[in-house]
Amino acid sequence: MPELRDLYQEVILEHSKAPRNYKEPAHTNHKAEGYNPLCGDRFTVYLEMDGDVVKDIGFQGAGCAISKASASMMTQSVKGKTKAEAQKIFQRFHDLVTGHGHPSEAELGKLAVFSGVSEFPVRVKCATLAWHTLEAALEGKQENVSTE
Amino acid sequence: MSASTVEAVAGFDVEKIRADFPILHRQVRGHELVYLDNAATAQKPQAVIDAIVGYYERSNANIHRGVHYLSEKATEDFELTRQALQRFVNAAEAREIIFVRGTTEAINLVAQSYGRAHVGAGDEVLITAMEHHSNIVPWQLLCEEKGAKLRVAPINDRGELIVEEYAKLLTPRTKLAAIAHVSNALGTINPVKRMIAMAHAQGIPVLVDGAQAVPHLTVDVRDLDADFYAFSAHKMYGPTGIGALYGKAALLEAMPPYQGGGDMISSVTFEKTTWNKLPHKFEAGTPDMGGVAGWRAAIEYMNGIGVTKIAAHEHDLLEYATEVVGRLPGVRIIGTAKDKASVLSFVLDDVHPHDIGTILDQQGIAVRTGHHCAQPVMERFHIPATVRASFAMYNTRAEIDALAAGIRRVGEVFA
């Protein structure tokens, strides 16, 4: 049986209480909004792209502990990365939380704390909301993103 | 016996009732199931399950068609449920009960049939700020098509309708009012009898969304003087996929059909089709006959216990839950109307309802978390979502103690 502590790891709880990069960067040139109507989670992801590189990133919004911690740790993991690298990280993260494939801890770094999500299928959308929103912002899409 | 297990309603044996519901005896995630999501759907007693099985084992045939024995038997059974429903809501005639898939379809039927015939450009449809999406969206679709306007009567901070504002919104432009009897998100019981009288004083017909009322209150459509009353079987211990629209015969008679097909016609030629009489005019196609059989068993089950006793037991549970959950640190109850039925909606400090739902689920406690298909209600209270515990006749004070313990566990995880 899955354990609550697998899902609500200390790192996740800590990020949900004190999210990093919780701001709109001054030189934002890409942004997207993500919404999960099921639980009302709503985030905006802001990017300052320098050519192909995520020079700065921030997010704002409201959501559950999983979605907020995921957004917070996402901003740390993709800052300074190229668009292609960021997309690659999302792919590995997605595999991790859906229980598909087995990305190594080396590939995921700190994001490995989200491995418990795969035991709670209804929470996958919480964990991936900010990432889908990031993807839309990277693509420069204007429309809102929904995980429903 | 501890104080928390004393049942307050005389002659109401909750353990005996629980024994009739097989699902209540299963384990969930290693714990005894504590099912507090009854406003979403209620569990089914063995009698309902047996009636559905029995229908297919002994009676199945298409209704209103064959001349053979089984068809006759199936038709008779089907109509017996209609009569049972007529008595259950005290309709004047059985033909005023139209079988539909559920409350949602009942409301859509009225919007598309009555609404399209009577609502035009510049007209208004009046709803309240506590409606379920199913009593908002059908009217939005209608208003968009007709160039009409949807007006919304506001609610106060306790989640009660502001009756004076509702009164102001009843105008010569209002062609219909559509109001919840009981709010699914807040539990508020609306003063529908008074609201209907106010609308009727200006010649405005009223549809009542009774989905959350029929399991908990004695409903008398003639006493209320409701023009339409929509409700579902599955919230009153019956099967899913079947519901009813009550409508005053004179209104239903004058309305065009909703869907075309078999059973709803009197004769068909390629030049002209004449409609069948009530209630068949609104019952195109083969209905959910097994569901209808199960629904009758649910009505008989509720009648056997007594709606008044059920209501008293649930009222005791709600009061107890309001007290024990309400005093937990960080809990804020959303929906504190004076008149409430069976719903305890709340938020907890900074913990998102979705996280609370997961932690409660790990202890076998089923609650609803989210906006409860009532996003405007959430906006009214400036919250994204709530946790909703909703009670049925088989719930106990011990289960509410388990809920309170579960909420304390949330506090520990998020400490």
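Only the coordinates and a few stated rules stand behind these numbers; no lab work does. As the structure is a prediction and not an experimental result, all values here were calculated from the model. As a convention, Cβ positions derive from the backbone with ideal geometry for all residues, glycine included, and neighbour counts pool all protein chains shown.
Below is a table of values for the structure above.
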read-out	value
Kirkwood Rh and Cα Rg combined as Rg over Rh, evaluated for the stretch B:45-180	1.12
Shielding by partners, peptide B:348-359 (average Cβ within 10 angstrom, other chains)	6
Exposure proxy order (Cβ contacts within 10 Å, fewest to most) of B:W295, B:W139	B:W139, B:W295
Nearest-ten-degree value, helix A:65-78 long axis tilted from longest Cα axis of chain A	50
Nearest 10 degrees, 0 to 90: helix A:83-98 Cα axis against chain A principal axis	20
Cα pair distances in the stretch B:291-413, grouped into 5 Å bins until the bin that holds the longest one, percent each	2, 10, 20, 20, 18, 13, 9, 5, 2, 0
Virtual spin-label span in nm between A:D95 and B:T218, 7 Å along Cα→Cβ	6.5
Kirkwood estimate for chain A, i.e. one over the average of 1/r between Cα atoms, Å	15.0
Estimated dipole of the stretch A:75-120 in Debye, rounded to 20 [Cβ of Lys and Arg +1, of Asp and Glu -1, Cα centre]	300
Relative exposure of A:V53, B:V48, B:V89, judged by other C-beta atoms within 10 Å (fewest first)	A:V53, B:V89, B:V48
Residue of B:N395, B:N38, B:N90 that the Gaussian network model of chain B assigns the largest fluctuation, springs spanning Cα pairs under 10 Å	B:N90
GNM top mover of A:F120, A:F59, A:F90 - chain A, alpha-carbon springs below 10 Å	A:F120
Contour minus Cα-Cα distance for B:E76 and B:R194 (0.36 nm per residue)	38.7 nm
FRET efficiency estimate (nearest 0.05) - Cβ-Cβ, B:K16 to B:A167, R0 41 angstrom	0.35
Extension gain (nm, one decimal) between B:D350 and B:S266, 0.36 nm per residue minus Cα-Cα	24.2 nm
Mean projected area (nm²) of the alpha-carbon convex hull when the stretch B:49-304 is viewed from all directions	14.3
222 nm mean residue ellipticity, helices alone, for chain A (DSSP H n ≥ 4; -39,500 (n - 2.57); rounded to 500)	-12500 deg cm²/dmol
At most 14 other Cβ within 10 Å, DSSP loop - trypsin sites (Lys or Arg not before Pro), the stretch B:6-36	B:R26, B:R29
For chain B, built as a Gaussian network whose Cα springs stay under 10 Å, the top-fluctuating residue of B:R173, B:R380, B:R58	B:R58
Mean separation of Cα contacts under 8 Å (6+ apart) over length of chain B, as relative contact order %	23
Cβ-based exposure ranking for B:S71, B:S345, in which fewest neighbours within 10 Å come first	B:S71, B:S345
Chain B: angle of helix B:69-89 to the longest principal axis, Cα-based, in degrees nearest 10	60
Sparse-neighbour loop sites [chymotrypsin sites (Phe, Trp or Tyr not before Pro); the stretch A:4-38; at most 14 other C-beta within 10 Å; DSSP]	A:Y22
Average beta carbon contacts from partner chains per residue of B:362-373, 10 Å cutoff	2
Dipole in debye (nearest 20) - the stretch A:4-142, about Cα centre, beta carbon charges: Lys, Arg +1; Asp, Glu -1	220
Percentage relative contact order, the stretch B:41-198, counting C-alpha pairs under 8 Å, at least six apart	16
Residues listed by number, the stretch B:273-295, amide nitrogen under 17 Å from B:N60 label point at 7 Å toward C-beta	B:286-295
Gain upon complete extension [B:H118, B:Y69; 0.36 nm per residue less C-alpha separation]	13.3 nm
Residues B:R87 and B:V28, FRET efficiency given R0 of 35 Å [Cβ-Cβ distance, rounded to 0.05]	0.45
Sites B:E379 and B:K277, calculated FRET efficiency, Cβ-Cβ separation with R0 56 Å, nearest 0.05	0.80
Relative contact order of the stretch A:1-112, pairs being alpha-carbon contacts under 8 Å that are 6 or more residues apart, as %	22
Prolate/oblate/rounded call for the protein assembly as shown, Cα gyration tensor, a/c under 1.5 rounded	prolate
